[in-house]
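Comments concern the structure below.
The values are calculated or read from the model by the stated rules, or taken from the named source; none is laboratory data. Small disclaimer: the values here were computed from a predicted structure and weren't measured. Please note: Cβ atoms are built from the backbone with ideal geometry, for glycine as well, and neighbour counts cover all protein chains shown. Keep in mind that these areas ignore ligands, DNA and RNA; they rest on the heavy atoms of the full protein, side chains included. Shrake-Rupley method; radii C 1.70, N 1.55, O 1.52, S 1.80 Å.
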Amino acid sequence: MIDRQRLVSEFLDLVQIDSLSRREGRIAKRLAATLEGLGVAVEVDDAGLKVGGETGNLLAKFPGSARGAPPLLLCAHMDTVVPGENVKPIVSGDVVRTDGTTVLGGDDKAGIVAILEALRVLREDAVPHGPIDVLFTIGEEFGLLGAKHFDVGRLRARTGLVLDVDGVCELVTQAPAANTLDVTVHGLEAHAGVCPEQGISAIKVAGEAIAAMRLGRIDAETTANLGLLEGGMAVNIVPNRVRVRGETRSRSLAKLEAQTQHMRRCFEEAAARHKATAGGREHVARVDAKIERDYGRLDLPDDAPIVKLVKRAAANLGKPLQTRATGGGCDANVLNGLGLAIANLGCGMREIHTVNEWIDVKDMIATAELLVETVRLNAAG
């Protein structure tokens with residue numbers, strides 16, 4: 001049986017441990033001690049060294065108690081977004097929220113707590129289960145860094161669940177692939193008051209490109225955003241360089257490619273329109289564009305074994321489970337791209353990535369109950 005008081009106490013404890021991306025050392029130490037207290041050794045990989053962080057991913061392998069039962073992966077990430085330091089949770093009845101100055105950190109400490117509580121209940125109630133691989137990753141909020149640098153060959157499980165999405169009793173089976181764009185617009189510097197006609201404003205070129213660009217919600221499957229701009233040297237110098245960074249996402253790979261090329265063309269076409277003569281020769285603005293696949297898409301069919309398993313578990317608890325798509329990426333995107341079959345289970349977090357974030361304790365309890373039943377059914381066959 002889920003221990004409400006224990007679950008709430010642990011959640012409040014964890015959200016008050018600062019754990020921004022690449023600074024997960026304290027939370028990793030705390031979680032490693034908790035897992036070791038449950039009787040397993042904890043492995044820490046070298047992902048932290050690769051991404052410049054304080055710690056690597058944590059992996060704990062729990063032995064099965066039911067002979068022949070297949071292994072299952074349970075995964076959540078340890079890092080939180082900003083503002084996420086000195087969190088002061090406020091409890092009001094069943095609701096835990098922030099004091100309005102920081103995020104709460106339920107993304108993804110709600111997932112971590114649900115996993116830990118499920119593990120305790122499995123042991124305390126002697127629930128038969130197969131081997132369980134528990135993976136707590138780093139740097140998810142900085143681009144799924146921990147998962148990207150994790151060696152899945154270390155896992156016994158080839159299927160399982162990431163707990164890292166809002167809602168409860170919902171299973172995300174579709175999520176977009178994403179491309180990142182890092183574009184540098186090269187203009188030509190000139191004195192802004194003496195001879196501005198001899199310069200090419202990289203800011204103006206970038207502005208024209210952005211004004212012509214489809215951004216925001218493109219269609220039901222596709223989004224695009226430009227999030228970072230930097231450039232210029234002084235207000236009296238025509239700016240010769242601007243760097244623009246952004247992304248596009250889509251659950252359709254064809255639409256992803258089309259939107260990516262559209263964004264590139266907007267920059268190239270704007271640059272081609274801007275020329276200036278200086279030093280006896282003609283100069284034309286130009287663009288350097290670096291485009292990379294950030295992560296692949298999540299695309300599990302409803303008849304995938306892990307989806308059917310969780311649906312059966314929910315039905316046994318009298319809670320119909322919905323599958324749905326999302327516009328966000330998570331560790332499941334990366335793990336599926338590495339050959340695993342991983343769905344993303346809702347764990348109650350609400351209004352994430354904002355200072356209004358909150359969670360209902362009843363939803364955390366429901367998530368832990370669903371995990372226990374899923375693991376039990378996995379062993380029952």
If a residue counts only when it is over 25 Å from the mean Cα position of the chain (by Cα), which strands (runs of 3 or more DSSP E) contained entirely in segment 178-289 have at least 1 such residues?
222-231, 241-250, 275-278, 281-284
Taking residue 13 and the conditions (1) more than 20 Å from residue 367 (Cβ to Cβ); (2) more than 20 Å from the chain's Cα centre (by Cα); (3) among the charged types (D, E, K, R), which numbered condition does it fall short on, given that it satisfies the others?
(1)
Kindly check whether there is at least one residue in segment 286-309 that is of a type in the set (Gly, Ala, Ser), surrounded by fewer than 18 Cβ atoms within 10 Å (Cβ to Cβ), under 28 Å from residue 79 (Cβ atoms) and in contact with a Lys or Arg (Cβ under 9 Å, 6 or more places away or on another chain).
no
Which residue, of 56, 52, is farther than 13 Å from residue 133 by Cα, touching a residue at least 12 places away in the same chain (Cβ under 8 Å), open to solvent by less than 20 Å² (accessible area, probe 1.4 Å) and of a type in the set (Gly, Ala, Ser)?
56
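Based on this model, can you work out whether residue 94 counts as exposed (fewer than 15 other Cβ atoms within 10 Å of the Cβ), within 25 Å of residue 369 (Cβ to Cβ) and touching a strand residue (DSSP E or B) at 6+ places or on another chain (Cβ under 6 Å)?
Details: exposed (fewer than 15 other Cβ atoms within 10 Å of the Cβ): yes; within 25 Å of residue 369 (Cβ to Cβ): yes; touching a strand residue (DSSP E or B) at 6+ places or on another chain (Cβ under 6 Å): yes.
Yes; evaluated as a whole, the condition is true for this residue.
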Pairs where the first residue, in segment 138-164, is at positive phi and the second is surrounded by fewer than 23 Cβ atoms within 10 Å (Cβ to Cβ) and acidic (Asp, Glu), C-beta under 8 Å, 6+ apart:
143/294; 144/294; 160/133
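In segment 303-381, which strands (runs of 3 or more DSSP E) lie fully inside it and hold 1 or more residues that are small (Gly, Ala, Ser)?
322-325, 341-347
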Tell me whether segment 350-362 contains one or more residues that are closer than 18 Å to residue 74 by Cα, buried (at least 22 other Cβ atoms within 10 Å of the Cβ) and at pLDDT 95 or above.
no
Of (1) modelled with pLDDT under 95; (2) touching a Ser or Thr at 6+ places or on another chain (Cβ under 6 Å), residue 139 fails just (1)
Please find, among 15, 42, the residue that is open to solvent by less than 20 Å² (accessible area, probe 1.4 Å) and farther than 17 Å from residue 147 by Cβ.
15
Take residue 224 and decide whether it is open to solvent by less than 40 Å² (accessible area, probe 1.4 Å), within 17 Å of residue 290 (Cβ to Cβ) and in contact with a Lys or Arg (Cβ under 6 Å, 6 or more places away or on another chain).
no
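Would you confirm whether any residue within segment 48-56 is acidic (Asp, Glu), within 21 Å of residue 13 (Cα to Cα) and over 24 Å from the mean Cα position of the chain (by Cα)?
No, the conditions are met nowhere in segment 48-56.
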With respect to the numbered conditions (1) out of contact with any Ser or Thr (no Cβ under 8 Å at 6 or more places or on another chain); (2) open to solvent by 20 Å² or more (accessible area, probe 1.4 Å); (3) modelled with pLDDT of 95 or more, which one is the sole condition not fulfilled by residue 68?
(3)
Within segment 137-154, is there a residue that is within 20 Å of residue 370 (Cβ to Cβ), in contact with a strand residue (DSSP E or B) (Cβ under 6 Å, 6 or more places away or on another chain) and in a strand (DSSP E or B)?
no
Against the condition within 27 Å of residue 45 (Cα to Cα), modelled with pLDDT of 95 or more and either open to solvent by less than 60 Å² (accessible area, probe 1.4 Å) or in a loop (DSSP other than H, G, I, E, B) (or both), how does residue 171 come out, does it pass?
no
Does any residue of segment 133-154 turn out to be surrounded by 24 or more Cβ atoms within 10 Å (Cβ to Cβ), over 19 Å from residue 42 (Cβ atoms) and of a type outside the set (A, V, I, L, M)?
no
Are any of the residues in segment 331-339 open to solvent by 70 Å² or more (accessible area, probe 1.4 Å), within 18 Å of residue 133 (Cβ to Cβ) and either of a type outside the set (S, T, N, Q) or within 17 Å of the chain's Cα centre (by Cα) (or both)?
yes
Can you tell me which of 261, 198 is polar (S, T, N, Q), modelled with pLDDT of 95 or more and surrounded by fewer than 16 Cβ atoms within 10 Å (Cβ to Cβ)?
261
Restricting to segment 265-301, name every residue that is out of contact with any helix residue (DSSP H, G or I) (no Cβ under 8 Å at 6 or more places or on another chain) and either farther than 30 Å from residue 195 by Cβ or among the aromatic types (Phe, Trp, Tyr) (or both).
265, 290, 292, 293, 294
Tell me which residues, restricted to segment 212-262, are without any contact (Cβ under 8 Å) to a residue 24 or more places away in the chain and touching an Asp or Glu at 6+ places or on another chain (Cβ under 8 Å).
225, 227
